[in-house]
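The values are calculated or read from the model by the stated rules, or taken from the named source; none is laboratory data. Model, not experiment: these values are computed from the prediction. So basically every Cβ, Gly included, is an ideal-geometry build from the backbone, and we count neighbours across all protein chains shown.
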Amino acid sequence: MNGYTANKDAYLKRLRRVEGQVRGLQRMIEEDKYCIDILTQVSAATKALQSVALGLLEEHMAGCVVDAARVGGDEADIKVREAADAIARLVRS
């Protein structure tokens, strides 16, 4: 079972909201809306996706990484490296 399973419905709801925001962005471009208004909405969609990413990362750390650390060995090293790599990707984005 994945660490986010208990909150799966909430994540799906958030992602559907982001999907709606992206469709709204497409519509704004089609309708030649003002650039700054579009950029404001891009920022909102980006923040929403970052929120999902941070929630998933937190649950991964609290579940998968902690469980692997309890067991120790290579699995713990792998999970910590995965988490560090995910954090690095989020920081770069």
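Answer yes if at least one residue in the stretch 43-65 is at pLDDT 95 or above and either in contact with a Pro (Cβ under 6 Å, 6 or more places away or on another chain) or charged (D, E, K, R) (or both), and no otherwise.
Yes, there is a match, as at least one residue in the stretch 43-65 is at pLDDT 95 or above and either in contact with a Pro (Cβ under 6 Å, 6 or more places away or on another chain) or charged (D, E, K, R) (or both).
Given the options Asp74, Asp67, name the one that is surrounded by fewer than 12 Cβ atoms within 10 Å (Cβ to Cβ), over 14 Å from Thr5 (Cα atoms) and of a type in the set (Asp, Glu).
After applying the criteria, what remains is Asp74.
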